[in-house]
Amino acid sequence: MHHVARMIVLGLMSLLMACASGAGASRGDGPAVVARDVFIEPEQLTGLIGGIVPPKEPIVILDVRPADKFEAKRLVGAVRVDIEDWNKLARSPGGAMDAPAWTGKIRALGLSGFENVLIYDDGAMTRASAVWFLLHDSGYDRARVINGGLPEIEKAVPGNLLTSGPATPPAPGTFIAKPGTGTLVRWADRQEVKAALNDLGRQVFDARTMREYTGEDARDNKRSGRLPGAVNVPHTTLMDERNRVRPAADLRAMLTAAGFEQGKVLVTHCQSGARSSLAAIAALRAGFVPVDNYYLSFGDWQSDESCPLVK
């Protein structure tokens, strides 16, 4: 049994390493980057975290849920990420490129850069995707998102892999963040998205609800509507009835039917970055590359009166 468990772990670790090895591919504006699937299914976890893990390839599990839910139930060994704190930095002036600040936040999770990271949330898949993107943008390329989040994890793993109560903070890691170096999904700012509206080689993927897209639901924005030419595919449609991101073939068919073309830069956005991050990595799974993520999204866009909107 130990031999079998070890073989499962080695196989899965090879998969994770393969995921990391392609990160240095040239980004550019064409389809040079090979599509990558950054999801891992919950059924793979028992062999991965319940077996014998090679000491040179440690696994760090990140839980992106509120503190009370984290203490109530979580995967054994999980470290909590305060996504609200991360977003505060991401949205502050100059925060996206603040290398020392991102270095401190990522090191606080116990990360040094050589660990394989598994990320989950409450099943919405948006917050886990946001953490994946912010890690990736800082140059951390060894992370994957657990499909379906904790609700699906609970169904797939034995009870001894779940725990509760306060957690001991990990020892700080040594990772050095390099913001803006993500190669699979690149951080796009407002000016780049403006330019994309008139670029036939780019297409804008609006992952908000239909009511947000039409302008009926303004949220807390002063202005409402959509970016000219943007195509709406609500993020919830990317997932099945279990809240798992759909298989690659289904996503590919869905995005193709919506009018997206492979080889053109796909620019995702939502209201504040989480749904757009999910849309971005779902597009990766479907084989639509390259991908840009306008992480500051519609909340940032509508705040600038020079940015056009359509209702």
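The values are calculated or read from the model by the stated rules, or taken from the named source; none is laboratory data. Note that the structure is a prediction, hence the values are computed from the model and not measured. So basically every Cβ, Gly included, is an ideal-geometry build from the backbone, and we count neighbours across all protein chains shown.
Before moving on, here are some points about what is shown:
- Members of the stretch 174-210 that are touching a strand residue (DSSP E or B) at 6+ places or on another chain (Cβ under 9 Å), under 17 Å from residue 94 (Cα atoms) and among the hydrophobic types (A, V, I, L, M, F, W, C): 187, 188
- When 181, 163, 126 are checked against the criterion of being surrounded by 14 or more Cβ atoms within 10 Å (Cβ to Cβ), in contact (Cβ under 8 Å) with a residue 24 or more places away in the chain, in contact with a Leu (Cβ under 7 Å, 6 or more places away or on another chain) and among the polar types (S, T, N, Q), 126 stands alone in meeting it.
- Residue match in the stretch 241-248 (condition: assigned to a helix (DSSP H, G or I), among the aliphatic types (A, V, I, L, M) and modelled with pLDDT of 95 or more): yes
- Pairs with Cβ under 6 Å, 6+ apart, first in the stretch 195-224 and charged (D, E, K, R), second in a helix (DSSP H, G or I) and modelled with pLDDT of 95 or more: 206/213; 217/211
- Here residue 131 meets the list (1) farther than 17 Å from residue 176 by Cα; (2) under 19 Å from the mean Cα position of the chain (by Cα); (3) of a type in the set (Val, Ile, Thr) almost entirely, failing just condition (1).
- Every residue from the stretch 256-272 that is under 17 Å from residue 185 (Cα atoms) and either part of a helix (DSSP H, G or I) or within 17 Å of the chain's Cα centre (by Cα) (or both): 266, 267, 268, 269, 270, 272
- Total residues in the stretch 282-311, condition more than 19 Å from residue 86 (Cα to Cα) and not in a loop (DSSP other than H, G, I, E, B): 9
- The residues of the stretch 200-238 that are out of contact with any Lys or Arg (no Cβ under 6 Å at 6 or more places or on another chain), assigned to a loop (DSSP other than H, G, I, E, B) and crowded, with 16+ Cβ neighbours inside 10 Å, listed by number, are 208, 209, 221, 224, 227, 230, 233, 234.
- Which numbered condition residue 284 fails, given (1) surrounded by fewer than 22 Cβ atoms within 10 Å (Cβ to Cβ); (2) out of contact with any helix residue (DSSP H, G or I) (no Cβ under 8 Å at 6 or more places or on another chain); (3) assigned by TED's automatic domain parsing to the domain that holds residue 238: (1)
- Sole residue being farther than 23 Å from residue 136 by Cα and at pLDDT 95 or above, chosen from 259, 299: 259
Rundown of residues vs (1) in contact with a helix residue (DSSP H, G or I) (Cβ under 9 Å, 6 or more places away or on another chain); (2) of a type in the set (D, E, K, R); (3) assigned by TED's automatic domain parsing to the domain that holds residue 121, yes/no style:
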| position | (1), (2), (3) |
| --- | --- |
| 200 | no, no, no |
| 212 | yes, yes, no |
| 227 | yes, no, no |
| 242 | yes, yes, no |
| 258 | no, no, no |
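- The one condition from (1) farther than 23 Å from residue 292 by Cβ; (2) surrounded by fewer than 23 Cβ atoms within 10 Å (Cβ to Cβ); (3) touching a helix residue (DSSP H, G or I) at 6+ places or on another chain (Cβ under 6 Å) that residue 112 does not meet is (3).
- Long-range neighbours under 8 Å by Cβ, at least six apart or interchain, first residue within 13 Å of residue 176 (Cα to Cα) within the stretch 81-107, second among the β-branched types (Val, Ile, Thr): 99/176; 103/176; 107/174
- Residue 88, sole failed condition from (1) crowded, with 21+ Cβ neighbours inside 10 Å; (2) part of a helix (DSSP H, G or I); (3) not hydroxyl-bearing (Ser, Thr, Tyr): (1)
- Each residue in the stretch 91-114 was checked for being in a loop (DSSP other than H, G, I, E, B), at negative phi and at pLDDT 95 or above, and 7 of them qualify.
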